[in-house]
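Presented below is the structure to which this report refers.
Derivation of every value follows stated rules applied to the coordinates shown; laboratory data play no part. These numbers come from a predicted model, not from an experiment.
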Amino acid sequence: MDQDTLQELFVEQIRDIYDAEKQIVKALPKLAKAADSEELAGALRNHLEQTQNHVSRLEQIFEIAGVPAKGKSCKGMKGLLEEGNEAVQEQDEGELRDLAIIAGCQRVEHYEISAYGTARTLAEQLQMEDAVNLLQQTEGEEKAADEKLTQVATSLYEEAGEPEEATTRDGRARTAKGATRKAGH
């Protein structure tokens, strides 16, 4: 296979990921704000910081590849984020909305895991070890974020099954059935 063609494919892939990550940077604060669970909101804020680092790493990879850091419109991510936003808007506050947020975020994570894995494999073929290491680091963080979202979802399921009340971020008490009321009433 022609190395120049492989290099072009690699650059196309990182441009796609770069745009996807920038879209995610814009979406995560809105999702964190829409989350009812403090655990979920915190996980989303934490992942925002990581995603900003992912953008920086991609800029390093562009430098390694010797090309300008610029994105190529990632229609796949745009669609995933639009679907996730629709799901959030269709749900009332509470556990179901949080679970809808998690479902959308996990779709995004799986897209990213796949994209980073592909880019890493291309970088390996191009013998770009520094890029391989950066891509592997980010891929690992995306997998960890996906696992964290699963843990938060499991926590929400368990919370819904318990008769005790849980407190939402705005101080309301939530019963096991997901109904909310002001704490102390």
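At a glance:
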read-out	value
Chain lengthening between GLN50 and GLN89 when straightened (0.36 nm per residue, less Cα-Cα)	11.5 nm
For the chain: rounded, prolate or oblate by the Cα gyration tensor [a/c cutoff 1.5]	prolate
Gaussian network model of the chain, Cα within-10 Å springs - most flexible of TYR157, TYR111, TYR18	TYR157
The chain, relative contact order [Cα under 8 Å, separation at least 6], %	23 percent
Under 17 Å, Cα to Cα: Lys pairs in region 20-107, sequence gap 8 or more or different chains	11
Kyte-Doolittle mean at least -0.5, axial Cα span of 15 Å or more - DSSP H helices of the chain	3-34, 95-125
